[in-house]
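Novice: Input: one structure, supplied below.
The values are calculated or read from the model by the stated rules, or taken from the named source; none is laboratory data. None of the values given here were measured: they were computed from a predicted structure. Because the Cβ atoms are built from the backbone with ideal geometry, glycine has one as well, and the counts that use them run over all protein chains shown. Heads up: the accessible areas ignore ligands, DNA and RNA and are worked out on the full protein's heavy atoms, side chains in. Shrake-Rupley method; radii C 1.70, N 1.55, O 1.52, S 1.80 Å.
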Amino acid sequence: MLEVRNITKIYNQGTVTEHTLFKDFSLTVEEGQFVSIVGSNGSGKTSLLNIICGSIPVESGEVLVDGTPITKLKEYQRYASMGRVYQDPAAGTCPGLTMLENLSLADNKGKPFGLSRGVNRKRISDYRDQLHALGLGLEDKLDVKMGALSGGQRQAVALLMATMTPLKFLILDEHTAALDPKTAEVIMELTGKVVREKKLTAMMVTHNLRYAVEYGDRILMMNQGHVVLDRAGAEKKATGIDDVLGMFNRISIECGN
């Protein structure tokens, strides 16, 4: 279980542009939930993910995993139990290394690094099987550098890399936003399959309201650092795009957009 407890986050503190985004903000995500998060720019979606992952500090409050505070852990320490896929397909992978080398790095996450070879040739067959399951023909491109792959191919590999080792949470930060519509559909289908088969707890920020409605078992809408819509289970299943869009539009009008 993930808990964000009484978080306060202030940007540009002590300046004329000081802005309090979160004030005593709390949120609980139960184990096994797939949470879709929507909201306008500046609503706090990505900031929330960054706080959970330790990418940005907070003024007060705690982040807890299974009741244990992780607020003081550095970002890289939190990634021992978290995987993250970014909006930019170039992020989360090393473009100058081959796909095999990238997969090997991900496979060794959390393990001690000595003077042994970074690539375990005995694992190649397993890598091929995992890539074959993606259905993109990537199993025959292990020796191709990541930078030579398309954005969709890189994002698919990034998703695989983020979930290769045992995880408590998968963080999806607008991971289809930079892709064309057809490729985005493929990546979302892969995402649903990976989360379901590996029984992951996942949080996905997206601007695509259809994805937010169709995927996951809980939907949140954020506005100015507050959760203004929270539906899970049967209530979430009964939620349509028009419901979310209607609320989104009402908030936009109230905010003068």
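Novice: What number of residues within region 68-84 are of a type in the set (A, V, I, L, M, F, W, C) and open to solvent by less than 30 Å² (accessible area, probe 1.4 Å)?
Specialist: 2
Novice: Additional query: Give the number of residues within region 34-67 that are surrounded by fewer than 18 Cβ atoms within 10 Å (Cβ to Cβ), in contact (Cβ under 8 Å) with a residue 12 or more places away in the chain and within 13 Å of residue 8 (Cβ to Cβ).
Specialist: Number satisfying all stated conditions: 4.
Novice: Another one. Search region 16-33 for residues being over 29 Å from residue 199 (Cβ atoms) and open to solvent by less than 70 Å² (accessible area, probe 1.4 Å), and hand back the single one that is farthest from the chain's Cα centre (by Cα).
Specialist: 20
Novice: Need pairs with beta-carbon distance below 6 Å; first residue among the small types (Gly, Ala, Ser) and within region 1-26, second open to solvent by 20 Å² or more (accessible area, probe 1.4 Å) and in a strand (DSSP E or B); sequence gap 6+ or separate chains.
Specialist: Cβ pairs passing all conditions: 26/5; 26/6.
Novice: For residues in region 114-167 being assigned to a helix (DSSP H, G or I), farther than 20 Å from residue 193 by Cβ and basic (Lys, Arg), which is modelled with the highest pLDDT?
Specialist: That would be 123.
Novice: Which helices (runs of 4 or more DSSP H) sit wholly inside region 185-257 and have at least 2 residues that are in contact (Cβ under 8 Å) with a residue 12 or more places away in the chain and farther than 20 Å from residue 43 by Cα?
Specialist: In region 185-257, 233-237 are the helices (runs of 4 or more DSSP H) which contain 2 or more residues that are in contact (Cβ under 8 Å) with a residue 12 or more places away in the chain and farther than 20 Å from residue 43 by Cα.
Novice: So which residues in region 88-103 are surrounded by fewer than 19 Cβ atoms within 10 Å (Cβ to Cβ) and part of a loop (DSSP other than H, G, I, E, B)?
Specialist: Of everything in region 88-103, those that are surrounded by fewer than 19 Cβ atoms within 10 Å (Cβ to Cβ) and part of a loop (DSSP other than H, G, I, E, B) turn out to be 88, 90, 91, 94, 95, 96, 97.
Novice: Residue 197 is checked against (1) surrounded by fewer than 17 Cβ atoms within 10 Å (Cβ to Cβ); (2) closer than 24 Å to residue 75 by Cα; (3) out of contact with any strand residue (DSSP E or B) (no Cβ under 7 Å at 6 or more places or on another chain) and fails just one. What number does that condition carry?
Specialist: Condition not satisfied by residue 197: (2).
Novice: Let me ask something else about it. Sort out which residues of region 7-63 are part of a loop (DSSP other than H, G, I, E, B), over 30 Å from residue 189 (Cα atoms) and polar (S, T, N, Q), and write them in order of number.
Specialist: Passing the criteria: 12, 13, 15, 17.
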